[in-house]
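Notes follow the structure.
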Amino acid sequence: MYTIKQAAIRSGLTIPTIRAWERRYGVIDPSRTASGYRLYDDAAIERLVAMRQLVEVDGLRPSQAADQVRGGGAAVAGLAARARQAAVDAGVAGAAVGGPVPASIAAIREATRRMDVPAIDRLLDEAFAAERFEAATSNVVYPALRAIGEDWAEGSIDVAMEHAASETIRRRLARFYDAAVDLSAPLDVIVGLPPGCQHEIGAMGFAVAARRGGLSVLYLGANVPVPSWVRTADAVGAPAAVVGAIVERDVPTATDVVTSLRGSTNRPVVFVGGRAAPAVAAATGAIALPTQLDEAVEVVREGLRPSG
């Protein structure tokens, strides 16, 4: 039996994703210790690995993947075996099944230190060729950006190096965003960052994933004033808004945006994403999004469905 942390390592998933798949889709039913902690057996790990194969490699939405995995049996075993063989073929010795290759993150970090933009572009090509956009962004791009940010905070790289890497990644995401547009669809969601927040790559990544997931998205970008959020919501009539809250200092301004949107004429359903999202959700009652892009898009999609 495995703890949830051990299950995450063995399946290559994050702990929030495991909990979400258990709660929303019922693909696993862990036992509990006397203290209430979850315990996972080998069959549960196999189901999680199969879910990841279907979502990140085969391109299914989590709800669609769950329909297949809940049946269990030989189909699940076959999916899990395929995922393990893919990891072996890729030469990911000792890595979690389907998990990111740490060398990809390290290589982007090293290219940033050299200010080698062509190398960063090439590494992004490789990451997006190896996995679906959502998986590559969650497993390689975001961790690489966090590592680069840590290097800047520690003083081991110059701010120009950090900016060059971030801008290279931003341009790549912008191309994905433009490629996924559907101008004929009614607008579903507006996405952006609150006043003073400039770290837009997470929000842009979500906007791309939402478009790829079939939602019609208007991306507002970074540092959007509160009145502009309200004017946009009322002008376009989108039924949902996603507000980014990346660090602790974003909490007050993101809270202001959420509160103002709820007082607008349009009154969209408001979601909040990013590392500081739980604090904003606790203060406002907005819906906090999971960190995995596929899961976040699925939560917004569910929130847009008519109740009853």
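The values are calculated or read from the model by the stated rules, or taken from the named source; none is laboratory data. Just so we're clear, the structure is a prediction, and the values are computed from it rather than from any experiment. Backbone-built Cβ (ideal geometry, glycine too); neighbour counts: all protein chains shown. Heads up: the accessible areas ignore ligands, DNA and RNA and are worked out on the full protein's heavy atoms, side chains in. Shrake-Rupley method; radii C 1.70, N 1.55, O 1.52, S 1.80 Å.
Summary table below
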| quantity | calculated |
| --- | --- |
| Conditions (1) surrounded by 21 or more Cβ atoms within 10 Å (Cβ to Cβ); (2) at positive phi; (3) not charged (D, E, K, R): number failed by G285 | (1) |
| Test: P290 is in contact (Cβ under 8 Å) with a residue 12 or more places away in the chain, farther than 20 Å from G196 by Cα and open to solvent by less than 20 Å² (accessible area, probe 1.4 Å) | no |
| Qualifying residue in the range 204-216 (condition: in contact with a Phe, Trp or Tyr (Cβ under 7 Å, 6 or more places away or on another chain), touching a residue at least 40 places away in the same chain (Cβ under 8 Å) and open to solvent by 50 Å² or more (accessible area, probe 1.4 Å)) | yes |
| Those residues of the range 225-251 which are of a type outside the set (A, V, I, L, M), assigned to a helix (DSSP H, G or I) and either surrounded by 13 or more Cβ atoms within 10 Å (Cβ to Cβ) or in contact (Cβ under 8 Å) with a residue 40 or more places away in the chain (or both), in sequence order | S228, W229, T232, D234, R249, D250 |
| Residue count, the range 259-289 (criterion: under 18 Å from D188 (Cβ atoms) and hydrophobic (A, V, I, L, M, F, W, C)) | 8 |
| The range 170-183: number of residues that are surrounded by fewer than 15 Cβ atoms within 10 Å (Cβ to Cβ), under 23 Å from G59 (Cα atoms) and basic (K, R) | 1 |
| Any hit, the range 75-91, residues being assigned to a loop (DSSP other than H, G, I, E, B), at pLDDT 80 or above and not polar (S, T, N, Q) | no |
| Pair list, Cβ < 6 Å and 6+ apart or interchain, from the range 42-70 residues that are under 16 Å from E295 (Cβ atoms) to residues that are among the charged types (D, E, K, R) and open to solvent by less than 10 Å² (accessible area, probe 1.4 Å) | P62/E298 |
| Count of the range 92-131 residues which are of a type in the set (V, I, T) and at pLDDT 90 or above | 4 |
| Verdict on D256 being open to solvent by 40 Å² or more (accessible area, probe 1.4 Å) and either touching a helix residue (DSSP H, G or I) at 6+ places or on another chain (Cβ under 8 Å) or in a strand (DSSP E or B) (or both) | yes |
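For every residue, the table says whether it meets (1) surrounded by 15 or more Cβ atoms within 10 Å (Cβ to Cβ); (2) over 19 Å from the mean Cα position of the chain (by Cα).
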position	(1), (2)
F133	yes, no
L145	yes, no
G155	no, yes
V159	no, yes
E162	yes, yes
A185	no, yes
L193	yes, no
G196	no, yes
I201	yes, no
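Let's see how each residue does on (1) farther than 18 Å from N139 by Cβ; (2) open to solvent by 40 Å² or more (accessible area, probe 1.4 Å); (3) part of a helix (DSSP H, G or I):
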site	(1), (2), (3)
I9	no, yes, yes
W21	no, no, yes
D29	yes, yes, no
M51	no, no, yes
